[in-house]
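Since the structure comes first, as structure tokens, the remarks are kept for the end.
The values are calculated or read from the model by the stated rules, or taken from the named source; none is laboratory data. Everything numeric in this text was worked out from a predicted model, so none of it was measured. Methodologically, a virtual Cβ is constructed for each residue, glycine included, from the backbone with ideal geometry; neighbour enumeration extends over all protein chains shown. Accessible surface is based on the protein model in full, side chains and every heavy atom, while ligands, DNA and RNA are left aside. Shrake-Rupley method; radii C 1.70, N 1.55, O 1.52, S 1.80 Å.
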Amino acid sequence: MTSPIAHFNGELMPLDKVAISPLDRGFIFGDGVYEVIPVYEGRMLRGREHFERLQRSMDEIRLMNPHTVDEWMALTAKLLEHHPGNQSVYIQVTRGVPPKRDHVLPQGLTPTVFMMCYPLATPSREQVENGVACVTHRDFRWEKCHIKSTSLLGNVLARQISADAGAAETILLRDGMLTEASASNVFVVKDGVVAAPPRDNHILLGITYDLLTRLAAEGSLKLEIRPVSEAQLRSADEVWLSSSTKEVLAVTTLDGKPVGSGKPGPVFRRMHSLYQDYKSTLRKARPVAA
Ligand code: PDD
């Protein structure tokens, strides 16, 4: 099988030809940031917003962005020429390759840029219709969850808790408050009102989270951004996950107990349809430039 085409430091090449130094700070320290952008039939969903968040992540870790948003969009378009259909684009930028291992931030390094594509795996019809199981756990990650950092050990260990339980996600609680899940944001619904935890350093501000808040406003759904307690999570009528790959997905059991009726609720179905409608507007947009 031929290796898929990837982007490495300005060049397109087969993925299996990409060679990264073991001294790269991404390898040694997890010193890098990343993005995952969903692409539907060649059209990026909120590509600019993803690259704007990449900029914010880089600002937070004092990493010089090697490209403008327009340049990132153009580089992604070039890569997507080799990857038709529905794709996830993965973009990673690390601080680069210093001469030696030293925690202190080195000056003047050229960042390492890596991009690859793989087929976008959105939820199955069965998952959309029946929802998924989740478990909860204490949020043991660090205090800078708003940075989309490649240092994902906390998230990986959190996700494994649900994998071991045969569940789709681990929903995280910090000091009795809902934060997010290991690789998604979380929404709750009570008496028809949607609530999402605040946009602070305890969550990654998802591009999908942001899109859902906009779609709620346009679709006249009531949505509040406010702290959500563990008790409110456990007594919610509906719980949803959101991410670039999960889109919006209903959680129908939490720690083995049914959420609300145990089926995806009416507010979820409305939001899911608003999201699918939004995706269909992409088909009318110019390829890649959406
Ligand atoms: N994860 N919170 C965390 C911790 C995440 O890792 C993600 C996304 C989200 C949702 O963000 P967005 O809506 O922008 O995808 C929230 C990606 C998909 C990943 O790491 O694969």
- Among what's in segment 190-212 and is surrounded by fewer than 18 Cβ atoms within 10 Å (Cβ to Cβ) and without any contact (Cβ under 8 Å) to a residue 60 or more places away in the chain, pick the residue that is farthest from Arg141 (Cα to Cα). Asp191
- Message: Against the conditions (1) under 17 Å from Ala250 (Cβ atoms); (2) near the ligand (Cβ under 9 Å from one of its atoms), where does Leu205 fall short? Just the number, please.
- Response: (1)
- Message: Please go through segment 245-290 and give me each residue that is at positive phi, of a type outside the set (D, E, K, R) and modelled with pLDDT of 95 or more, ordered by number.
- Response: Gly256, Gly260, Gly262
- Task: Go through segment 223-246 residue by residue and tally those that are open to solvent by less than 10 Å² (accessible area, probe 1.4 Å), within 16 Å of the ligand (Cβ to nearest atom) and either touching a Phe, Trp or Tyr at 6+ places or on another chain (Cβ under 6 Å) or more than 14 Å from Asn185 (Cα to Cα) (or both).
- Result: 2
- Query: Can you pull out the residues in segment 151-189 that are open to solvent by 30 Å² or more (accessible area, probe 1.4 Å) and among the β-branched types (Val, Ile, Thr)?
  - Reply: Val156, Ile161
- Message: Looking at Gln107, Gln87 in this structure, which one is out of contact with any Lys or Arg (no Cβ under 8 Å at 6 or more places or on another chain), of a type outside the set (A, V, I, L, M, F, W, C), on the phi < 0 side of the Ramachandran plot and surrounded by 14 or more Cβ atoms within 10 Å (Cβ to Cβ)?
- Response: Gln87
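Of the residues that sit in segment 70-104 and are outside any loop (DSSP other than H, G, I, E, B) and among the charged types (D, E, K, R), which one is nearest to Asp24 (Cα to Cα)? Don't jump to the end; show me each part of the working.
Let us first name the residues in segment 70-104 that are outside any loop (DSSP other than H, G, I, E, B), namely 70-80, 87-94.
Filter once more, so that each one left must be among the charged types (D, E, K, R): 70-71, 78.
Values: Asp70: 26, Glu71: 23, Lys78: 25 Å.
Checked segment 70-104; the qualifying residue nearest to Asp24 (Cα to Cα) is Glu71.
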- Task: Determine if segment 60-69 includes at least one residue that is in a helix (DSSP H, G or I), open to solvent by 70 Å² or more (accessible area, probe 1.4 Å), of a type in the set (Lys, Arg) and touching a residue at least 24 places away in the same chain (Cβ under 8 Å).
- Result: no
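Filter segment 118-150 down to the residues that are of a type in the set (Lys, Arg) and touching a residue at least 24 places away in the same chain (Cβ under 8 Å), then identify the one that is surrounded by the most Cβ atoms within 10 Å (Cβ to Cβ).
Here is the first cut: in segment 118-150, the ones of a type in the set (Lys, Arg) are 125, 138, 141, 144, 148.
When the remaining residues are screened for being touching a residue at least 24 places away in the same chain (Cβ under 8 Å), the result is 138, 141, 144, 148.
On the way: Arg138: 11, Arg141: 20, Lys144: 13, Lys148: 23.
Residue satisfying both the conditions and the ranking: Lys148.
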- Out of the residues in segment 81-111 that are under 24 Å from Met44 (Cα atoms) and among the small types (Gly, Ala, Ser), which is farthest from the ligand (Cβ to nearest atom)? Gly85
- Message: I'm trying to understand the selection: among the residues of segment 156-195, which are within 11 Å of the ligand (Cβ to nearest atom), in contact with a Phe, Trp or Tyr (Cβ under 8 Å, 6 or more places away or on another chain), of a type in the set (A, V, I, L, M) and within 13 Å of Leu241 (Cα to Cα)?
- Response: Val186
